[in-house]
Every structure is written in structure tokens, then in C-alpha cells.
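The values are calculated or read from the model by the stated rules, or taken from the named source; none is laboratory data. The structure presented is a predicted model; accordingly, all values stated were derived computationally and were not measured. So basically every Cβ, Gly included, is an ideal-geometry build from the backbone, and we count neighbours across all protein chains shown.
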Amino acid sequence: MNTKKVILIIEDHDDIRENIVEILELSGYKTYNCENGKKGYEIAIKKNPDMIICDIMMPEMDGFALLHLIRKGDSTRNIPFIFLTAKTERSDFRKGMEMGADDFITKPFEDVELLNAIESRFKRSELSEKTRDIQNNQESIDINQIFEEFGISQKLAKKEVLFKEGKYAKSVYLIKKGKVKCVKISEEGKELILDIYGANDFMGYLTLLGNGIYDETAIVIEDADVIGLPKEEFMQLIFSDINVANTLIKTIAKNIKEKEDKLVIMAYGNLRKRVAKTLIEIDSKFRNIETDALLEIKREELASYIGIATESLIRTISDFKSEKLIEIKEGKITIINREKLKHLLY
């Protein structure tokens, strides 16, 4: 824990205030505390804490009045502000958020709930500060770097599920290593592969920008390192920096163009053209530089991705092999004549 983080606690109930102070100091935070908003404002001006945790109903100056003053001050307006309250009326939540509160914690609460809220707000505050600095310096944001600094890393083994169809989306994902396929699964359990993602690909952003519910399932096909950026941080990035929005728009446009090209080939292309198109696509994206081989993928999965029967795929691949367009070693396909294979598309 970063011991330099300073938190101001403003709560008129002594037992609650002392309990919060104990929790935070045991967790490595430095604290200041007082029993009303007036004293809290004086401490905030003098000490400029990294965060304020404040009750709503207090003598002399309530939490709303204090928040109003904090957000007006040049030196205090960006301090993360969490309301601590026994009040649960929706109007209070709405009023607080409209005034600039960052979060609400309802009493009674668990220690871990308080600490998680604090850590989450500190992380979000750091992201806001970083984007403000970049905007002031007129620099562009390195989205990969943002994911690495503020995202949550996880290692997934082959066949593990990253997210499931029908579940609510909470994050957008960056693949740092490995491969992930997105599939539709029928009631009979049959998979239709919609797309395959690899290193430096982003996943799940369309769902977050849409209805927020996954319409596909993501399954790891090669051990993967993945970073998930929570929804709120992702949306903050988009709205805080035009370069991020432009990058996202370009990525979406590129993906739509690729899917349109694939649909045209599937609708009007013959079998050889469809297989050739897919092999070239996978070759350009996933070819192993050391072995020159394509992504290791089962024939059934490749057939599903193309949208043809497995028997038709095997027959076409055998034809390509006899025509010396590809070679197959230990089940792995290597393109040996890319130009001739590309000519099949025209």
C-alpha cells in the first residue's frame, strides 16, 4: 500500500469515525479526521488530502455543502470524494452525483467494501490525472500503456472462458499474449466461430458501447495473458481524449470492413476462394515468424470459422497441398506460395 496516500474522514459519530481511522491506518493510509463539515473544510484547505470520506448528515455544515465548497476550490476540486451515509433515498444519490461525488458507501458496511471503494477511486483518480496531463501537453494516449497501468491482468489456460454470451459486460479486454476465439454456441452445443483474436487485439468494446450484454462467448485457444479495463475507466478514456476516440473509431471501422469482406466471400465466393481467403487472413495475423506456420487450429474449428463442412475443408486443403500452395507438417499448415493463393480471390 502506498503510505503517502492521505485520507480525510469527516463523520459526527465518534465510534464510526474511529473505526474507519483504524481500518485505514492498518491498511497503510495516513489519516486526518474531524466531526463536522466546517472543520473538515479547514483541514482540506490546509492539508490537501488525497481523498475525502464524508458523512452527509452532520452539524454546522452537512456533506452536500462541504462537497460544493471542495469542488469550487482550485486546489481541492479534483480530490476524490466519497459519501458515507445511512441515507438510501435515490434523490440523495442523484444530488450527490450531480454535485460531483465519486461514490457512495451505505452504512453499515464491511471493511473490505470500504477498502475496495477507496482503491478503485484512487485508481480512477490516477487515470483522470494522467489524461489531464496528456491533454495539457497535447500528447496522444498510448492505449496499451493505459491498460497495463490501470487494468487487471489475468492468465488464462487453453479452453478457459474469458466471458460468456448473455452475461453483463464489465470490462474491455486487451490480449497481450495468446489466442482467443469468439463463438456462438447452439442449443446442441455446436460452435460457430465468429472471430479469432491475438496479441494487441482489443475485445468487448462494442458490447460496452452497445447494450452491455455479451452476444458471444470468448474461449482461450492458446494460453493467454489478458488485461481487463473496467467499464467506467474505459468510458472515461473515450470521453477524455479525442485521440482515444479516434483510435477506437478506426479499430471499429477496420473490423467492420474485414467482416464485410468476409461476408462477401462467404455469400458469393466458391469453396476454394473461401478457404484461400481465410488462410491468407490467418496467415497475415497469426503466422509464427520462427516456423512460418499458421495458428495451430483444429480442422473442425477452421471449418466452423469459414462456415463450411469439415469434409469440404479437408478436401480443399488437400487440393491446395497437391498444387503446392501450402504444406502440412505435424498438422500445421504453412503457406508456401502466397501470391498464387491470393490470385484465387480474384
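Is one or more of the residues making up the range 131-152 modelled with pLDDT of 90 or more and over 15 Å from PHE234 (Cα atoms)?
no
Would you pick out the residues in the range 39-61 that are buried (at least 16 other Cβ atoms within 10 Å of the Cβ) and farther than 13 Å from ILE79 by Cβ?
LYS39, ASP55, ILE56, MET58, MET61
Can you confirm whether the range 5-22 contains a residue that is of a type outside the set (Asp, Glu), outside any helix (DSSP H, G or I), farther than 22 Å from GLY100 by Cα and touching a residue at least 12 places away in the same chain (Cβ under 8 Å)?
yes
Please count how many residues of the range 23-37 are charged (D, E, K, R) and either part of a helix (DSSP H, G or I) or in contact (Cβ under 8 Å) with a residue 40 or more places away in the chain (or both).
Taking the range 23-37 and keeping what is charged (D, E, K, R), we get 25, 30, 35.
Adding the requirement that they be either part of a helix (DSSP H, G or I) or in contact (Cβ under 8 Å) with a residue 40 or more places away in the chain (or both) leaves 25.
Adding up the residues that qualify gives 1.
Just to be sure I understand, how many residues within the range 61-73 are under 14 Å from ILE43 (Cβ atoms) and either over 35 Å from the mean Cα position of the chain (by Cα) or outside the structural domain of GLU35 (by TED's automatic domain parsing) (or both)? Working first, answer last.
Step one: of the range 61-73, the residues under 14 Å from ILE43 (Cβ atoms) are 61, 66, 69-70, 73.
So of that shortlist, the ones also either over 35 Å from the mean Cα position of the chain (by Cα) or outside the structural domain of GLU35 (by TED's automatic domain parsing) (or both) come out as 61.
Here the count works out to 1.
Here is a check on your reading of the model: is ALA86 among the aliphatic types (A, V, I, L, M) and modelled with pLDDT of 85 or more?
Values: among the aliphatic types (A, V, I, L, M): yes; modelled with pLDDT of 85 or more: no.
Answer is no for this residue.
What number of residues within the range 185-214 are in contact with a Lys or Arg (Cβ under 8 Å, 6 or more places away or on another chain) and surrounded by 14 or more Cβ atoms within 10 Å (Cβ to Cβ)?
10
Looking at the structure I just gave you, is LYS329 under 25 Å from VAL183 (Cα atoms), basic (Lys, Arg) and surrounded by fewer than 13 Cβ atoms within 10 Å (Cβ to Cβ)?
no
Go through (1) modelled with pLDDT of 85 or more; (2) of a type in the set (A, V, I, L, M); (3) under 27 Å from LYS164 (Cβ atoms) and name the single condition VAL275 misses.
So VAL275 meets the others, but not (3).
Taking only the range 326-346 into account, find how many residues are without any contact (Cβ under 8 Å) to a residue 40 or more places away in the chain and either outside any helix (DSSP H, G or I) or aliphatic (A, V, I, L, M) (or both).
8
Only one of ALA253, ALA267 is within 20 Å of ASP201 (Cβ to Cβ) and out of contact with any Cys (no Cβ under 9 Å at 6 or more places or on another chain). Can you tell me which?
ALA253
Looking only at the range 212-219, decide whether some residue is within 26 Å of GLU126 (Cβ to Cβ), within 14 Å of the chain's Cα centre (by Cα) and not aromatic (Phe, Trp, Tyr).
Yes, some residue in the range 212-219 is within 26 Å of GLU126 (Cβ to Cβ), within 14 Å of the chain's Cα centre (by Cα) and not aromatic (Phe, Trp, Tyr).
Would it be correct to say that GLY228 is closer than 30 Å to GLU300 by Cα, in contact with a Ser or Thr (Cβ under 6 Å, 6 or more places away or on another chain) and outside the structural domain of ILE308 (by TED's automatic domain parsing)?
Yes.
Does LYS262 meet the test of being out of contact with any strand residue (DSSP E or B) (no Cβ under 8 Å at 6 or more places or on another chain), crowded, with 16+ Cβ neighbours inside 10 Å, part of a helix (DSSP H, G or I) and without any contact (Cβ under 8 Å) to a residue 40 or more places away in the chain? Before the answer, list the steps.
Numbers: out of contact with any strand residue (DSSP E or B) (no Cβ under 8 Å at 6 or more places or on another chain): yes; crowded, with 16+ Cβ neighbours inside 10 Å: yes; part of a helix (DSSP H, G or I): yes; without any contact (Cβ under 8 Å) to a residue 40 or more places away in the chain: yes.
For LYS262, the condition - out of contact with any strand residue (DSSP E or B) (no Cβ under 8 Å at 6 or more places or on another chain), crowded, with 16+ Cβ neighbours inside 10 Å, part of a helix (DSSP H, G or I) and without any contact (Cβ under 8 Å) to a residue 40 or more places away in the chain - is met.
Checking the conditions here, which among LYS155, LYS179 is within 16 Å of GLY228 (Cα to Cα), at pLDDT 75 or above and touching a Leu at 6+ places or on another chain (Cβ under 8 Å)?
Only one candidate passes the filter, namely LYS179.
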